[in-house]
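Asker: Okay, handing you the structure first.
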Amino acid sequence: MKKSEAKEITIPAIEIQTFDLRIVGDSPLIVHAWSEKAKKEMLDKQMKKAAKGREAKNPFADFCDSLYWLTEKPENPTMDDVLKAKFGFPVIAFKSAAVDGGYQSGVTANKTTSRGAFHVIGEFAEIEGVPIMREDAVRIVGTADIRYRGEFKEWATTLTIRFNSNAMSLEQIANLFNIGGFGVGVGEWRPQKDGSNGMFHVE
């Protein structure tokens, strides 16, 4: 049997482009990062360690723990520390809003195509704005409680996006974010979760 002859093949280059997309909030952004305390309590529960008694609630500490600190977080932050600090929000939330929004509105046939066509660079996008402490009454498994979280009344951010221009155009991607900002949103109590917070538009 003869060996098959070597054959040259041509692989089309992937046209990767990058652009910055500025988005502006249309409704307050409510953030709720996992605190180190919450992570430890969850791990202890999974490891079946004895639960400690419930500590006294500290509203300001809960507020600070809910924020995604981009600058170093002090051990015991004050409001002055909060006003001087920079905060972010996970970029994956913005991508999910764009992907889900495009699929729900029928602009894209499936989520898989959108997920592979573009990527938001980095882990956190810096949020322009000053957080305030928000108080909400919540009910968890029938038990009433009060939650203290960070809220940005007015906010904006810039996302850096890499995309395959053979699969999707810059205009199409910007449109997905615009649709996702209205119908899905980001953060707590967003439209996707029966709320009206975390809505945004492409500037």
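Rule-based calculations on the coordinates, nothing more; no lab input. Since we're looking at a predicted model, the values are computed, not measured. Cβ placement follows ideal geometry from the backbone for every residue including glycine, while neighbour counts extend to all protein chains displayed.
Asker: Here are some pairs, LYS111/LYS193; LYS57/LYS84; LYS86/LYS153; LYS73/LYS95; which of them have Cα atoms lying more than 21 Å apart in this structure?
Answerer: Working: LYS111/LYS193 19 Å; LYS57/LYS84 25 Å; LYS86/LYS153 16 Å; LYS73/LYS95 26 Å.
Pairs exceeding 21 Å: LYS57/LYS84; LYS73/LYS95.
Asker: Figure the gain on full extension for THR10 and LYS84 (residue separation times 0.36 nm, minus the Cα-Cα span) and round it to one decimal in nm. Display every interim value, and only then the final one.
Answerer: On the way: separation 74, 0.36 × 74 = 26.64 nm, distance 5.41 nm.
Using 0.36 nm per residue and subtracting the Cα-Cα distance, I get 21.2 nm.
Asker: May I ask you to compute the full-extension gain from GLU75 to LYS193, defined as 0.36 nm times their residue separation minus their alpha-carbon distance, rounded to one decimal in nm?
Answerer: Numbers: separation 118, 0.36 × 118 = 42.48 nm, distance 3.30 nm.
Value of the extension gain: 39.2 nm.
Asker: Compute the length gained on full extension between THR158 and ALA174: take 0.36 nm times their separation in residues and subtract their Cα-Cα distance, giving the result in nm to one decimal. All intermediate terms of the calculation are to be shown ahead of the outcome.
Answerer: Numbers: separation 16, 0.36 × 16 = 5.76 nm, distance 1.23 nm.
Residue separation times 0.36 nm, minus the Cα-Cα distance, leaves 4.5 nm.
Asker: In addition: Can you tell me the relative contact order of the chain? Whole percent, Cα pairs under 8 Å, sequence separation 6 or more.
Answerer: 35
Asker: With the dipole of the chain worked out from charges on the C-beta (+1 for Lys and Arg, -1 for Asp and Glu) around the Cα centre, which of LEU21, PRO131, ALA167 lies farthest toward the positive end?
Answerer: So the residue we want is ALA167.
Asker: Within the set of other residues whose C-beta is less than 15 Å from the C-beta of MET133, count the net charge using Lys and Arg as +1 and Asp and Glu as -1. Don't jump to the answer; show the numbers that get you there.
Answerer: Working: positive: LYS57, ARG134, ARG147, ARG149, LYS153; negative: ASP62, ASP65, ASP80, ASP81, GLU135, ASP136, GLU151, GLU188.
Its environment carries a net charge of -3.
Asker: Now for a separate question. Placing +1 on the Cβ of each Lys and Arg and -1 on the Cβ of each Asp and Glu in region 16-202, which of GLY180, THR78, TYR103 has its Cα farthest towards the positive end of the resulting dipole?
Answerer: Most positive-ward Cα: TYR103.
Asker: In addition: So for the pair LYS111, MET133, with labels modelled 7 Å out along Cα→Cβ, what separation do we get in nm?
Answerer: According to this spin-label approximation, the distance is 3.7 nm.
Asker: Rounded to the nearest 0.05, what FRET efficiency do PHE182 and ASP145 give with R0 = 35 Å and r taken as the Cβ-Cβ distance? Could you check? Kindly include the intermediate steps, with their values, before the conclusion.
Answerer: Working: r = 31 Å, r/R0 = 0.88.
In this case the efficiency is close to 0.70.
Asker: May I pose another question? How big is D, in µm² s⁻¹, for region 60-203 by Stokes-Einstein at 37 °C and 0.692 mPa s if Rh is the Kirkwood radius over C-alpha pairs?
Answerer: On the way: Rh = 16.6 Å.
Diffusion coefficient, whole number: 198 µm²/s.
Asker: Next up: Going through region 111-203, which trypsin sites (Lys or Arg not before Pro) have at most 15 other Cβ atoms within 10 Å and a DSSP loop state? Walk me through the numbers on the way to the answer.
Answerer: Working: sites: LYS111, ARG115, ARG134, ARG139, ARG147, ARG149, LYS153, ARG162, LYS193; in loops: LYS153.
The qualifying sites are LYS153.
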